[in-house]
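Participant: Take a look at the following structure, please.
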Amino acid sequence: MADPSSYRPQPGQIPDSPGVYRFRDEHRRVIYVGKAKSLRQRLANYFQDVAGLHPRTATMVTTAASVEWTVVSTEVEALQLEYSWIKEYDPRFNVKYRDDKSYPSLAVTLNEEYPRVQVMRGPKKKGVRYFGPYAHAWAIRETVDLMLRVFPVRTCSAGVFKRSAQIGRPCLLGYIGKCSAPCVGRVTPEEHRELAEDFCDFMAGRTGAYLSRLEKEMHIAAEDMEYEKAARLRDDIGALRRAMEKNAVVLADATDADLIAVAEDELEAAVQIFHVRGGRVRGQRGWVTDKVEAVDTAGLVEHALQQLYGEEKGESVPKEVLVPAVPEDTPALAQWLAERRGSQVSLRIPQRGDKKALMETVHRNAQQSLALHKTKRASDLTTRSRALEEIAEALELDGAPLRIECFDISHLQGDDVVASMVVFEDGLARKSEYRRFQVKSFEGQDDVRSMHEVVSRRFRRYLVEKSKTGEWDPQDGEDGPPEDDGKPKRFAYPPQLVVVDGGQPQVAAAKRALDELGIDDVAVCGLAKRLEEVWLPGEDDPVVLPRTSEGLYLLQRVRDEAHRFAIQYQRSKRGKRLKAGPLDEVPGLGESRKQALVKHFGSVKKLRQATIDQICEVPGIGRKTAETVAAALAGAAPAGPAVNTATGEIIEDENPAPAGASSERGTEQ
């Protein structure tokens with residue numbers, strides 16, 4: 001551990017102005033990002049007697065080896081820069097909320113010619129209107145099913161829509177009146193878009209005016225003795241009211257607000273957010289975090305606001321944000337929120353009335369979420385810890401293997417040989433660390449040689465990263481200056497245990513690769529599929545773990561995950577190879593220009609017969625590219641005629657080839 005006084009800036013060096021600071025460790029990795037109204041006053045707090053610091057702060061400053069800062073003009077700029085750096089560097093000592101689930105939202109794709117209503121998860125897309133998130137996808141589908149009676153907006157996928165347009169017949173929803181069937185021209189694009197916008201207005205809480213209009217139309221229809229129309233409008237009103245009843249009114253003044261509550265203990269904190277639109281709860285989500293830094297409730301609220309609204313703009317940021325405690329920089333946060341919304345945003349603590357009562361409900365949800373998380377984590381943590389201890393005991397390791405990497409080789413009869421590397425940390429899959437390899441040094445089927453190559457490449461990259469940080473001095477003179485961007489490196493962290501999918505030969509190959517690189521602090525084992533035996537280097541007999549062993553179960557999960565990831569990559573490569581055509585061999589010719597060439601000439605066969613001048617007529621194709629295309633097609637073997645196997649007739653190539661696909665028959669390898 002470093003002594004903070006060893007890297008403390010000199011007196012007067014730190015400016016007395018707003019800014020953002022970064023602590024780095026001895027390997028130049030950013031481990032903490034913070035902001036301050038006065039950099040001088042804030043950083044001085046870190047360099048007092050370590051014994052007087054909060055234990056988490058003391059751990060951070062003794063792990064760090066340097067500190068640097070960036071001066072900004074305002075506190076709002078400091079807030080924005082802090083958020084950007086936390087996202088970029090993923091510092092280990094900053095609070096980072098993790099979603100306890102991927103919440104679904106109701107989405108309307110207004111960026112399409114015919115907007116579609118659907119359930120969406122994941123990051124938000126430009127031009128799509130979102131409502132929610134909701135706790136369950138079925139809740140969205142029930143609401144949509146009720147509203148399609150009044151707003152018959154398209155809900156089908158692009159494939160179903162295109163198919164219905166081709167055959168001139170709508171899907172079932174079009175026949176039962178729950179889709180306006182724009183695919184067959186029952187409504188114009190403008191009329192369908194108006195339906196979608198009315199749907200969005202109703203979901204946004206503007207319900208009163210629309211219901212009043214429908215009731216007025218119903219009475220007029222009844223007076224004109226158009227009883228069927230009046231009955232249909234009556235049923236529409238009933239359907240909309242049933243949809244509204246699913247979200248009870250919680251705030252009588254039709255408020256648009258987000259309510260944020262925090263439940264915490266010494267180690268963890270849970271955040272719950274209720275999204276209220278038009279006085280009704282339109283969505284809910286929750287996060288849980290480890291308190292890796294010394295932070296109070298106000299600080300947790302500030303981090304939650306950054307994560308919640310960091311990527312949002314416009315109406316996604318409400319007029320009012322209600323919180324249990326106001327952060328220190330409330331004016332700067334309010335200004336930041338206002339800039340994202342485009343108008344003023346109120347950030348305050350509810351004091352009385354319905355808003356305070358609803359905040360208490362949100363807080364109870366946060367408490368339940370934290371209790372449930374702790375119950376699950378205690379059970380899972382106990383099981384994972386036992387599994388790691390059993391592995392360490394069976395393999396006679398010095399300690400529990402907190403990071404395990406597993407390698408698997410995949411191919412199809414010696415073709416498209418690939419490998420996978422999956423990573424488990426603390427018994428859990430770390431998918432962001434997964435890696436894929438193409439075996440390059442030879443062709444054919446040799447799993448042992450492939451394993452040696454892949455393990456060598458992985459750990460050679462590890463040694464290169466160590467050389468960049470100064471942790472390792474290579475003998476071959478390839479050492480370079482340390483990288484100073486502070487971002488996590490792809491192969492920077494070594495595992496305590498390498499697992500290979502296979503028996504003695506594969507284990508020996510992996511061990512030989514490590515020995516050749518001079519790495520002697522990484523354990524190696526193999527898990528053979530047939531009897532689930534664990535093989536160690538240089539041992540004639542395997543280690544047999546009990547069938548009920550949690551350690552064996554963890555090794556099986558790691559091995560199966562590596563196998564799945566390798567198979568997925570191998571199938572992807574094989575699919576691309578089988579779809580390859582002669583145009584794929586033309587250097588510098590991208591997918592768009594390939595499609596333009598095939599579309600212009602109708603097929604690769606006709607393109608092969610074209611002159612260079614004719615090829616130049618295609619938009620985006622210059623003469624040099626045309627000459628390259630002509631030369632490549634001239635060198636490729638012409639396709640033989642296609643034959644109908646049922647009749648023996650030769651099929652003439654008259655139909656244009658589909659975009660993106662090869663039009664040459666018989667050229668697949």
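The values are calculated or read from the model by the stated rules, or taken from the named source; none is laboratory data. Model, not experiment: these values are computed from the prediction. We place every Cβ from the backbone using ideal geometry, glycine too, and count neighbours over all the protein chains shown. For accessibility, only protein heavy atoms count, side chains too; no ligands or nucleic acids. Shrake-Rupley method; radii C 1.70, N 1.55, O 1.52, S 1.80 Å.
Participant: Using a Debye calculation, one point per C-alpha and no hydration shell, please list log10 I(q)/I(0) for the range 387-432 at q = 0.16 Å⁻¹ in order.
Facilitator: For the range 387-432 at q = 0.16 Å⁻¹, log10 I(q)/I(0) is -0.57.
Participant: If each of residue 571 and residue 315 carries a label point 7 Å out from its Cα toward its Cβ, how far apart are those two points in nm?
Facilitator: 4.1
Participant: Now for a separate question. For the range 391-460, give the percent of accessible area contributed by carbon and sulfur heavy atoms, probe 1.4 Å, rounded to a whole number.
Facilitator: That fraction is 40 percent.
Participant: Here's another thing I want to ask about it. Using only the Cα atoms, what convex hull volume per residue in Å³ does the range 293-364 have?
Facilitator: Details: hull volume 7.3 nm³, N = 72.
Dividing the Cα hull volume of the range 293-364 by its residue count gives 101 Å³.
Participant: Compute the FRET efficiency between residue 126 and residue 634 as 1/(1 + (r/R0)^6), taking r as their Cβ-Cβ distance and R0 = 41 Å, and round to the nearest 0.05. Don't jump to the answer; show the numbers that get you there.
Facilitator: Numbers: r = 44 Å, r/R0 = 1.07.
Plugging the Cβ-Cβ distance into 1/(1 + (r/R0)^6) gives 0.40.
Participant: A further question on this structure: For the range 26-85, take N as its residue count and report Rg(C-alpha) divided by 2.2 N^0.38 Å.
Facilitator: Working: Rg = 12.4 Å, N = 60, 2.2 N^0.38 = 10.4 Å.
Cα Rg divided by the expected 2.2 N^0.38 Å: 1.19.
Participant: Here is a follow-up. Between residue 268 and residue 428, 0.36 nm times their residue separation minus their Cα-Cα distance comes to what? It would help to have the intermediate numbers written out before the result.
Facilitator: Numbers: separation 160, 0.36 × 160 = 57.60 nm, distance 1.89 nm.
My answer for the length gained is 55.7 nm.
Participant: Working out 0.36 nm times the residue gap between residue 539 and residue 37, then minus their Cα-Cα distance, what length gain in nm do you get to one decimal?
Facilitator: Working: separation 502, 0.36 × 502 = 180.72 nm, distance 6.23 nm.
Residue separation times 0.36 nm, minus the Cα-Cα distance, leaves 174.5 nm.
Participant: Using a Förster radius of 35 Å, what is the FRET efficiency between residue 374 and residue 157 based on their Cβ-Cβ separation? Nearest 0.05, please.
Facilitator: Numbers: r = 41 Å, r/R0 = 1.16.
E(calc), rounded to 0.05, equals 0.30.
Participant: For the range 6-154, take every pair of Cα atoms, bin their distances at 5 Å starting from 0, and report each bin as a whole percent.
Facilitator: In order of increasing distance, the bins hold 2, 8, 14, 14, 13, 8, 6, 8, 9, 7, 6, 4, 2, 1, 0 percent.
Participant: So if each residue of separation counts as 0.36 nm, and I subtract the Cα-Cα distance between residue 325 and residue 595, what length gain in nm does that give? If you can, show how the numbers build up before the last one.
Facilitator: Working: separation 270, 0.36 × 270 = 97.20 nm, distance 5.72 nm.
This chain segment gains 91.5 nm when fully extended.
Participant: Next question. May I ask you to give the solvent-accessible area per residue for the range 1-133, in square angstrom, as obtained with a 1.4 angstrom probe?
Facilitator: On the way: 6540 Å² over 133 residues.
Per residue, the range 1-133 has 49 Å² of solvent-accessible surface.
Participant: Radius of gyration and Dmax for the range 100-200's Cα atoms, expressed in Å?
Facilitator: 13.5, 45
Participant: At a probe radius of 1.4 Å, what is the per-residue accessible area of residue 56, in Å² to the nearest 10?
Facilitator: 50
Participant: Under 13 Å from the Cβ of residue 367, count the other residues' Cβ atoms, weight Lys and Arg +1, Asp and Glu -1, and hand me the total.
Facilitator: Working: positive: 364, 374; negative: 264, 265, 268, 360.
Once all neighbours under 13 Å are counted, the net charge is -2.
Participant: Would you tell me the accessible area of residue 213, worked out with a 1.4 angstrom probe on the heavy atoms of the protein chains, in Å² to the nearest 10?
Facilitator: Probe radius 1.4 Å; accessible area of residue 213 about 110 Å².
Participant: Using the Cβ atoms and a cut-off under 10 Å, what net charge is assigned to the surroundings of residue 155, where Lys and Arg are +1 and Asp and Glu are -1?
Facilitator: Details: positive: 116, 141, 154, 178; negative: 145.
Here the count lands on +3.
Participant: In nm, give the distance between the simple-model label positions of residue 220 and residue 517, each being 7 Å from the Cα along the Cα-to-Cβ direction.
Facilitator: In this crude label model, residue 220 to residue 517 measures out at 7.7 nm.
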